[in-house]
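*Asks:* Following this message is one structure expressed as structure tokens.
The values are calculated or read from the model by the stated rules, or taken from the named source; none is laboratory data. From a predicted model like this one, the values you see are computed outputs, not experimental measurements. Quick reminder, even Gly has a Cβ in these numbers, built from the backbone with ideal geometry, and neighbours come from all protein chains shown.
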Amino acid sequence: MLSSLSIRNVVIIDKLDLSFDKGLCVFTGETGAGKSILLDSLSLVLGARAEAGLVRHGEERLSVSATFVLPRHHAVWHVIDEQGLACEGEELFLRRIVTCDGKSKAFINDEPVSISFLKKIGEMLVEIHGQFATHGLLNPATHLGILDTYAGLEKVKKNVSDLYQQYRHLQNELQDMEKRMADSAKEEEFLKNAISDLEMLNIQPDEEEALTIRRTQLMNSEKIITSVDTAYQIISSEEKGVLRQLSLVSRQLEKVSQYLPERFDPLIQSVHEAQEIMVDLSGELENIGEEIGDVSELSHIDNRLFMLKDMARRYQVSVQALPTLLTDFRSQMNQLEKGEDYVRQCRQKVAEIHQQYLSEAHILSDNRRKAAQKLDKAVARELPALKLEKATFCTQIISCDDNATAEGVDTVSFMVSTNIGTPPAPLNKVASGGELARFMLALKVNLAQAETTDTLIFDEVDSGVGGATAAAVGERLARLGQECQVLVVTHSPQVASFGVQHCTVVKQTTNLKTITQVHVLDDEGRLMEIARMLSGTQTTQTARVMAQELLDKANAQH
């Protein structure tokens, strides 16, 4: 609900701070006192279009702030979280600034936001009916959801939504498969030839790397063989080789080992170990020379590398990716061969789910029609008392299986006829002003349990009516105020008497300046204001008695 409203420098309002209670709050005051400016100010902070002319004369800018107290489960918090705005507790703070050159800034919880986002949030918080901008019930796109909430169809609707999502998923999968099948069929000959080429090539894992290493070896084989052979001769030469020298060392040490065995035996052992190492090294060097092989192998390697790279260029992949490519081509051929059976099964599954969806959607349609009949009768009962006895209301439901959505196969429109013999037209096309506001009131009273907006504002809801009709309007506003917060701008004493909170708007001129002020009335103030509304310029005792009677009757009906 709207908790407070602060206005600075809007037309003839210089400074105004208001706090609001739950239930029905009425605003009264003489014509021209500034009641419409209050609604303009509230509309601004809710994202309405800003005009430089709203800035008070002589000031550089205007500002309007509004605080809302909302439970944490309210849908608006989810939208704000998605936007990444900070939000703690249950208070939501909106602010709008407009400069005298027409530039505008918007803030939510003191963080800057776009005007469009502010408007989106505003439409979730407040709904205004009357001569000002409207949304909610006047937007046909909301009618289906409102009817479903009124009828309590959330469970059936979820079943329909789940089946629709499943149906769309399968349908998209089928379309993708059919497209792949069509594309694969065109490329069947290409796949066959490609698989044949790649199988004939018979590339081995990491073959390119192995061939490149081998090629490098062969290209440097002369250097490798010369160095290896030299190293081999140094170790194995019969005259001066390392092995020959180690053998001589061993003999010399063995001749004297009997004299100092504890000293020479370890040395002899070390020489023997060195001999074993040299023997192993000699064998390794001999093997390396044999591994290098014949240089004539180089031509075969070059041819093989050329074939691999040529195949990779042909299919625009790396050589290393050729084995994977062959696997992919085989998979595509396999899908092509088995695809028809799969597509046939998928089509059957799509048809089954679609039929289940339609069955649930038709159940949902039937429930909607029952709820629509109930709503139509309920609204019809309200119309005569609101001086709309010639008007009719009907909920139009058009069902078409071809227009399937997650919400079913129906389009819902609230239709109205205000005169006998006039065909019903969409609710947003009927006459504006008080007649429309009362029509909206009749709807709102019956849709109170389905209401998603916490604060409703009615302007000129009592236009052109008085007496019993005005009392009926007030009684319904009070009833609606038991479900949500309702703010009403009224000229009717009967409507004003039902207010839980009563504010009077007055215009005063002091020091050559005209300003609008708003006073929250106590019980005596309410009595005097309603008496003024009854008697006009002079408040008479008779008017006071009549005002008290109105208040007593209203209190009795609360």
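*Asks:* Does any residue in the stretch 522-549 that is surrounded by 13 or more Cβ atoms within 10 Å (Cβ to Cβ) come within less than 7 Å, Cβ to Cβ, of a residue that is part of a helix (DSSP H, G or I) and polar (S, T, N, Q) six or more places away or on a different chain, and which pairs are these?
*Replies:* Pairs that qualify, where the first residue is surrounded by 13 or more Cβ atoms within 10 Å (Cβ to Cβ) and the partner is part of a helix (DSSP H, G or I) and polar (S, T, N, Q), are Leu527/Gln548; Ala543/Ser535.
Residue-wise test of (1) part of a helix (DSSP H, G or I); (2) free of Cβ contacts under 8 Å to residues at least 24 places away in the same chain; (3) in the same structural domain as Thr99 (by TED's automatic domain parsing); (4) among the basic types (Lys, Arg).
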position: Leu18; (1), (2), (3), (4): no, no, yes, no
position: Val26; (1), (2), (3), (4): no, no, yes, no
position: Leu62; (1), (2), (3), (4): no, no, yes, no
position: Ala66; (1), (2), (3), (4): no, no, yes, no
position: Pro71; (1), (2), (3), (4): no, yes, yes, no
position: Trp77; (1), (2), (3), (4): yes, yes, yes, no
position: Asp81; (1), (2), (3), (4): yes, yes, yes, no
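*Asks:* Condition check: under 30 Å from Leu456 (Cα atoms), under 23 Å from the mean Cα position of the chain (by Cα) and not assigned by TED's automatic domain parsing to the domain that holds Ala437. Does Ala141 satisfy that?
*Replies:* So Ala141 fits the description; yes.
*Asks:* Hey, another quick one. Scan the stretch 352-370 and tell me whether some residue there is at pLDDT 90 or above and farther than 30 Å from Ser413 by Cα.
*Replies:* Yes, some residue in the stretch 352-370 is at pLDDT 90 or above and farther than 30 Å from Ser413 by Cα.
*Asks:* Applying the selection to the stretch 421-452, what residues are of a type in the set (Val, Ile, Thr) and modelled with pLDDT of 80 or more? Steps first, please.
*Replies:* Step one: filter the stretch 421-452 for residues of a type in the set (Val, Ile, Thr), giving 422, 430, 445, 452.
Correct list: Thr422, Val445.
*Asks:* Name, by its number, the condition in (1) modelled with pLDDT under 90; (2) touching a helix residue (DSSP H, G or I) at 6+ places or on another chain (Cβ under 6 Å) that does not hold for Leu94.
*Replies:* For Leu94, the failing item is (1).
*Asks:* Applying the selection to the stretch 474-502, what residues are surrounded by fewer than 22 Cβ atoms within 10 Å (Cβ to Cβ) and either within 16 Å of Leu38 (Cβ to Cβ) or free of Cβ contacts under 8 Å to residues at least 60 places away in the same chain (or both)?
*Replies:* Across the stretch 474-502, the qualifying residues are Arg479, Glu483, His491, Gln501.
*Asks:* Kindly evaluate Asp40 against the criterion of being under 36 Å from the mean Cα position of the chain (by Cα), closer than 22 Å to Thr99 by Cβ, of a type in the set (Asp, Glu) and modelled with pLDDT of 90 or more.
*Replies:* Details: under 36 Å from the mean Cα position of the chain (by Cα): yes; closer than 22 Å to Thr99 by Cβ: yes; of a type in the set (Asp, Glu): yes; modelled with pLDDT of 90 or more: no.
Here the answer is no, as Asp40 does not meet what is asked.
*Asks:* What pairs come up if the first residue lies in the stretch 322-338 and is surrounded by fewer than 17 Cβ atoms within 10 Å (Cβ to Cβ), the second is in a helix (DSSP H, G or I) and β-branched (Val, Ile, Thr), and their beta carbons are under 8 Å apart, counting only those six or more places apart or on different chains?
*Replies:* Listed pairs, sorted by first residue: Arg330/Ile195.
*Asks:* Still on this structure, please answer the following. Would you say Asp176 is acidic (Asp, Glu) and surrounded by 12 or more Cβ atoms within 10 Å (Cβ to Cβ)?
*Replies:* For Asp176, the condition - acidic (Asp, Glu) and surrounded by 12 or more Cβ atoms within 10 Å (Cβ to Cβ) - is not met.
*Asks:* Okay, moving on. Kindly list, by first and then second residue, each pair from a residue in the stretch 86-99 that is assigned to a strand (DSSP E or B) to a residue that is of a type in the set (Lys, Arg) and surrounded by fewer than 21 Cβ atoms within 10 Å (Cβ to Cβ), limited to pairs with Cβ atoms under 6 Å and residues at least 6 apart or on different chains.
*Replies:* Between residues of the stretch 86-99 that are assigned to a strand (DSSP E or B) and residues that are of a type in the set (Lys, Arg) and surrounded by fewer than 21 Cβ atoms within 10 Å (Cβ to Cβ), the close pairs are Ile97/Arg61; Ile97/Lys105; Thr99/Arg61.
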